1. Using the Cα centre as the reference, give the magnitude of the dipole from point charges on the C-beta atoms of the chain (Lys, Arg: +1; Asp, Glu: -1; all else neutral), rounded to the nearest 20 debye.
2. So how many Lys-Lys pairs in the chain land under 22 Å Cα to Cα, not counting same-chain pairs under 8 apart?
3. Per residue, what accessible area does the chain have, given a 1.4 Å probe and all protein chains present, in Å²?
4. Would you work out the relative contact order for the chain, in percent, from Cα pairs under 8 angstrom that are 6 or more residues apart?
5. Take the alpha carbon atoms of the chain, find their radius of gyration, then divide it by 2.2 N^0.38 Å using N residues; give the quotient.
6. Could you sort 27-36, 54-63 so that the peptide with the highest average Cβ count within 10 Å comes first and the rest follow in order?
7. Points 7 angstrom from Cα along the Cβ direction at LEU36 and SER18: gap in nanometres?
Amino acid sequence: MTVYETDDFERVFNKLPSNIRRLFQKQKVIFKSSWLDPRLHTKSNKELPGVYSFRITRRYRVLFYFKDGAAIFFIIGHRKEIYR
């Protein structure tokens, strides 16, 4: 699957701790092979139709949506901060 990351995503990603960035890369490989893989704990967002999230760790998430057959990662961060 094709994955695009927005400029905002990359800006926040570069500020994350190195262990979170490393774990994200592992999860991204899993995502590309199957976005519904149970290891990702993918869920739809009830407040934002068409937006989904997957886990990096218990505390960190990635929010994304689909457009033209590609996944767009638009935010990454602590679960208590990204849903605001």
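1. Values: 18 positive and 8 negative charges, 109 e Å.
Its charge dipole is roughly 520 debye.
2. Lysine pairs meeting both conditions in the chain amount to 13.
3. Details: 5720 Å² over 84 residues.
Per residue, the chain has an accessible area of 68 Å².
4. Numbers: 121 pairs, mean separation 27.5, N = 84.
It comes to 33 percent, rounded to a whole number.
5. Details: Rg = 11.7 Å, N = 84, 2.2 N^0.38 = 11.8 Å.
Compared with the compact-globule rule of thumb, the chain sits at 0.99.
6. So the peptides 27-36, 54-63, ranked by packing, come out 54-63, 27-36.
7. Between LEU36 and SER18, the simple spin-label model gives 3.8 nm.
The values are calculated or read from the model by the stated rules, or taken from the named source; none is laboratory data. Since the structure is predicted, the reported quantities are computational estimates derived from the model, not experimental observations. For neighbour counting, all protein chains shown are included, and Cβ atoms are generated from backbone atoms with ideal geometry for every residue, glycine included. Quick note on the areas: whole protein, heavy atoms, side chains included, nothing else; ligands and nucleic acids left out. Shrake-Rupley method; radii C 1.70, N 1.55, O 1.52, S 1.80 Å.
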